[in-house]
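Student: If you scroll down you'll find the structure; I have some questions about it.
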2 protein chains.
Amino acid sequence: MPRPASGARERILETTLVLLREGGLSAAGLNEVIARSAAPKGSLYHYFPAGKSQLVAEALALYEPRIAALIEQSLHSGHPLSRRINALFMQTAKRMHAAQWRQSCAVGAVALDLTSGDEALRARCEAILRHWANVAEAGLPELPSAHAAPAARHLVALLEGAQIQARLRQSAEPLTEAAAAFRAYAHGLLLAEA
Amino acid sequence: MPRPASGARERILETTLVLLREGGLSAAGLNEVIARSAAPKGSLYHYFPAGKSQLVAEALALYEPRIAALIEQSLHSGHPLSRRINALFMQTAKRMHAAQWRQSCAVGAVALDLTSGDEALRARCEAILRHWANVAEAGLPELPSAHAAPAARHLVALLEGAQIQARLRQSAEPLTEAAAAFRAYAHGLLLAEA
């Protein structure tokens with residue numbers, strides 16, 4: 001078998017990730033991946049012999065650390081809390097805007113497609129959101145320690161929900177508003193503590 | 001043409017709505033609707049001559065007032081604010097639990113499936129979230145008036161995001177936590193006002 005063109009593997013995975021961000025599991029069909037990546041069909045089966053489940057798992061493995069890094073760079077920066085929270089939502093807005101508001105979180109989109117047959121994928125997506133929340137928690141040291149973990153999960157929920165609104169409004173406004181709401185929430189926790 | 005069995009129209013729409021809540025636009029294919037509703041193929045084309053776009057639009061028209069009523073019954077009840085907020089998230093948890101955590105908001109699931117060709121549907125879904133936020137706003141009269149509208153949009157974002165988490169954790173916990181976070185947020189707004 002001839003060796004597939006260099007870079008085909010990466011191109012296939014990046015295309016799968018874009019499709020997951022656009023429309024979840026159902027959007028990332030093998031034919032669509034081949035068409036959009038312009039990869040030869042053979043290279044898809046060469047690199048991903050287990051088919052779609054392998055492709056999706058590897059695309060999510062590519063995605064998970066990127067968003068973890070985005071959360072870390074935004075929240076662990078040493079700036080004041082309000083500014084760090086804004087940075088996280090604004091970075092998310094920037095990514096969505098660059099994709100004309102047609103891509104959002106791959107995990108959110110996959111979550112809303114899961115059927116009873118997708119148990120391994122569900123557990124994987126759950127673990128990814130938990131990982132992101134852990135990274136966020138470490139970036140919120142000002143918050144009262146009893147509240148840091150639920151606050152970080154709240155931040156993740158809000159990021160997911162605001163992305164739904166941003167796709168519908170095709171605007172950064174829902175993300176700006178979510179940042180303001182999370183700032184008010186964090187401020188309330190600090191006031192209650194004081 | 002023989003008249004389709006009475007009730008077939010309703011059954012087709014309810015099935016479409018379940019499929020939208022399970023997996024968004026891509027899950028609600030005509031063949032799947034026919035298979036799951038056990039409706040004769042002819043009755044689908046009889047009642048929905050424009051096909052899938054009509055089916056989805058009518059299913060969302062069925063869904064919109066149901067969730068508006070759920071928000072209204074939860075938030076407009078005359079109980080204290082904390083209890084009303086809890087009621088909204090707990091009613092949502094109850095619906096998801098009844099569907100074994102495999103169904104969530106139809107609008108959220110559709111939003112994360114939209115492509116550039118779905119402009120009318122995008123605008124429709126945007127209007128539904130706006131309607132729900134208006135209903136929520138009217139149910140939050142304690143909040144400082146300048147904050148009521150953004151707080152209501154925040155509530156809608158959080159409901160959507162917490163449903164993503166609940167599908168992944170297959171548990172009411174994310175909805176319970178979201179209720180607590182929204183209560184803390186609302187409390188913070190009231191403290192800031194005082």
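The values are calculated or read from the model by the stated rules, or taken from the named source; none is laboratory data. The structure presented is a predicted model; accordingly, all values stated were derived computationally and were not measured. In this analysis, Cβ positions are derived from the backbone assuming ideal geometry, glycine residues included, and neighbour counts consider all displayed protein chains.
Student: For segment B:79-114, give me each residue that is touching a Gly at 6+ places or on another chain (Cβ under 8 Å) and more than 11 Å from every other protein chain (Cβ to nearest Cβ).
Tutor: Of everything in segment B:79-114, just one residue is touching a Gly at 6+ places or on another chain (Cβ under 8 Å) and more than 11 Å from every other protein chain (Cβ to nearest Cβ), namely B:Arg84.
Student: Further question on the same structure: Hey, any hits in segment B:57-73 for a residue that's among the aromatic types (Phe, Trp, Tyr), in a helix (DSSP H, G or I) and in contact (Cβ under 8 Å) with a residue 12 or more places away in the chain?
Tutor: Taking every residue of segment B:57-73 in turn, at least one turns out to be among the aromatic types (Phe, Trp, Tyr), in a helix (DSSP H, G or I) and in contact (Cβ under 8 Å) with a residue 12 or more places away in the chain.
Student: Yes or no: A:Ala39 surrounded by 13 or more Cβ atoms within 10 Å (Cβ to Cβ), in a loop (DSSP other than H, G, I, E, B) and small (Gly, Ala, Ser)?
Tutor: yes
Student: Among the numbered conditions (1) assigned to a helix (DSSP H, G or I); (2) in contact (Cβ under 8 Å) with a residue 24 or more places away in the chain; (3) surrounded by fewer than 18 Cβ atoms within 10 Å (Cβ to Cβ), tell me where B:Gln54 comes up short.
Tutor: Every condition holds for B:Gln54 apart from (2).
Student: Restricting attention to segment B:24-36, report how many residues are in contact with a Ser or Thr (Cβ under 8 Å, 6 or more places away or on another chain) and not in a helix (DSSP H, G or I).
Tutor: 1
Student: Give, as residue ranges, the helices (runs of 4 or more DSSP H) completely inside segment B:115-194 that count at least 3 residues that are small (Gly, Ala, Ser) and at the interface with another protein chain (Cβ under 8 Å from one of its Cβ atoms).
Tutor: Output list reads B:145-169, B:173-193.
Student: I need every pair where a residue in segment B:11-28 that is at pLDDT below 95 and of a type outside the set (Ser, Thr, Tyr) has its Cβ under 9 Å from the Cβ of a residue that is part of a helix (DSSP H, G or I) and surrounded by 24 or more Cβ atoms within 10 Å (Cβ to Cβ), sequence separation at least 6 or different chains.
Tutor: none
Student: Residue under question is B:His76, and the condition is that it be more than 10 Å from every other protein chain (Cβ to nearest Cβ) and either closer than 21 Å to B:Leu190 by Cβ or over 14 Å from the mean Cα position of the chain (by Cα) (or both); does it hold?
Tutor: Answer is yes for this residue.
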